[in-house]
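Step one of this worksheet: look at the structure below.
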Amino acid sequence: MVPAGSERVALKISDIFPDAPVFTSVYFPDNTFPEFRKKEVHTLPFSNLVKTERQFKGLYPLWYLGFSFLDLSEFDIIISSANYLAKFINPPKSAVHICYLHNPIRFLWKPDVYSYKSIPYGRLSLFLIRSLLPILRKFDVTKTRKIKHILTNSKNIANQIQKNYQLESEVVYPPVDVNTFKVYCTPGDYYLYAGRLISHKRVDVAINACNQLKRKLIVAGDGLERENLQKLAGDTVQFVGRITDEQLKELYANCKALIFPSDEDFGLVPIEVQSSGRPVIAYRSGGALETVVEDKTGVFFDRQDEMSLKEAILRFEDMKFSADIIRQNALRFDIQEFNKRLLNYVKRFE
């Protein structure tokens, strides 16, 4: 299992308010964190008809309508955790809506990061999105500006919220329960990629670099691009698919380093691997600039291509890193800090 980081944040928010119900568009119990099974989860109408991620993504208009008409009249404070459509709820005027906004909707504001194979209806979807971008962006801006209280996951996204919506937001870094991660004295013989297998994650860069260097790479996770990525993989690349949290923690603790080739909004995975005292080889962009300390907890590569990544891997292999220093860096993002800051924010409105 490697669900999206936003799912983990939603889970941790729910843990802070255990008596509060959870509302979501579609719920796949086997594809997300098992802890959700213990919660009161409500889904939108027709969600029971959806069986796959591709079907889910193909029905975005339906989920927008579902969130728009969601009856939240019994609540005084509503917290939305939004990558896409959850921010479009219409809370009662008497209620406070706090939105933890993970990013401006990526396919509206960064459409070029998607390949046609990563989205439903392929090239037709890309054509329609790009044709309607001015209208869709204006709609997104108008609706988002109605939200008065916005938290976000990083300075990177706070800057994007300011740029796209002209709104201020407060940064509350996502939580990692650092003390649940294992630290081993000596690493194994492999590099690791962990996350969803979709085009904007640029897993192809990691695979191609390890193919050419003949380095062992374990790819943990699943997604719409898995079949294409497996075709790229050479003999040194192993796909393990969806795995449990405990299996993922074992992979973190034993890897030489995490390879993080994505221009990510924030990215929890680099913090999780640092919680195991293991370094990160990251693309120099996005949230990694806030979570990885160059030459102390990892190294960066400057271009999102295999040549630049290969150079970084070879440079990394000539360096030494301290597991204690790496883990200390991860403690900046520990769950206790997240819980304290979120609770203090909510208390302003009680």
Checklist entry - Yes or no: residue 167 at pLDDT 95 or above and assigned by TED's automatic domain parsing to the domain that holds residue 145? => result yes
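Condition check ((1) touching a helix residue (DSSP H, G or I) at 6+ places or on another chain (Cβ under 6 Å); (2) under 21 Å from residue 78 (Cβ atoms); (3) of a type in the set (Lys, Arg)) across all residues:
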site	(1), (2), (3)
26	yes, yes, no
31	no, no, no
41	no, yes, no
57	no, no, yes
Checklist entry - Can you name the number of the only condition in (1) outside any loop (DSSP other than H, G, I, E, B); (2) at pLDDT 90 or above that residue 72 fails? => result (1)
Checklist entry - Can you find even one residue in the range 94-109 that is surrounded by fewer than 16 Cβ atoms within 10 Å (Cβ to Cβ) and free of Cβ contacts under 8 Å to residues at least 12 places away in the same chain? => result no
Next on the checklist: Please count how many residues of the range 213-243 are buried (at least 20 other Cβ atoms within 10 Å of the Cβ) and in a helix (DSSP H, G or I).
Outcome noted: 1
Next on the checklist: Condition check: more than 22 Å from the chain's Cα centre (by Cα) and aromatic (Phe, Trp, Tyr). Does residue 69 satisfy that?
Outcome noted: yes
Item to check | Among (1) touching a strand residue (DSSP E or B) at 6+ places or on another chain (Cβ under 9 Å); (2) outside any loop (DSSP other than H, G, I, E, B); (3) surrounded by 15 or more Cβ atoms within 10 Å (Cβ to Cβ) - the single one residue 315 does not satisfy | outcome: (3)
Checklist entry - Given the conditions (1) in contact (Cβ under 8 Å) with a residue 40 or more places away in the chain; (2) within 16 Å of the chain's Cα centre (by Cα); (3) surrounded by 19 or more Cβ atoms within 10 Å (Cβ to Cβ), and given that residue 252 satisfies all but one, which numbered condition is not satisfied? => result (2)
Item to check | Long-range neighbours under 6 Å by Cβ, at least six apart or interchain, first residue under 16 Å from residue 16 (Cα atoms) within the range 328-339, second aromatic (Phe, Trp, Tyr) and at pLDDT 95 or above | outcome: none
Checklist entry - Can you tell me which residues in the range 22-48 are in a helix (DSSP H, G or I) and either among the aromatic types (Phe, Trp, Tyr) or over 20 Å from residue 197 (Cα atoms) (or both)? => result 34, 35, 36, 37, 38, 47, 48
Item to check | Selection from the range 1-26 of residues that are surrounded by 18 or more Cβ atoms within 10 Å (Cβ to Cβ), at pLDDT 85 or above and not charged (D, E, K, R) | outcome: 9, 10, 11, 13, 14, 23, 24, 25, 26
Checklist outcome for this item: Inside the range 126-162, the number of residues satisfying the requirement of being surrounded by 19 or more Cβ atoms within 10 Å (Cβ to Cβ) and either among the polar types (S, T, N, Q) or at pLDDT below 75 (or both) is 6
Checklist entry - Just one of the numbered conditions (1) under 30 Å from residue 29 (Cα atoms); (2) small (Gly, Ala, Ser); (3) surrounded by 18 or more Cβ atoms within 10 Å (Cβ to Cβ) is not true of residue 209; which one? => result (1)
Checklist outcome for this item: When every residue in the range 331-341 that is under 17 Å from residue 8 (Cα atoms) and touching a Phe, Trp or Tyr at 6+ places or on another chain (Cβ under 8 Å) is compared, the one surrounded by the fewest Cβ atoms within 10 Å (Cβ to Cβ) is 337
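The values are calculated or read from the model by the stated rules, or taken from the named source; none is laboratory data. None of these values were measured; they are calculated from a predicted model. A quick note on method: Cβ atoms are made from the backbone with ideal geometry, for glycine too, and the neighbour counts reach across all protein chains shown.
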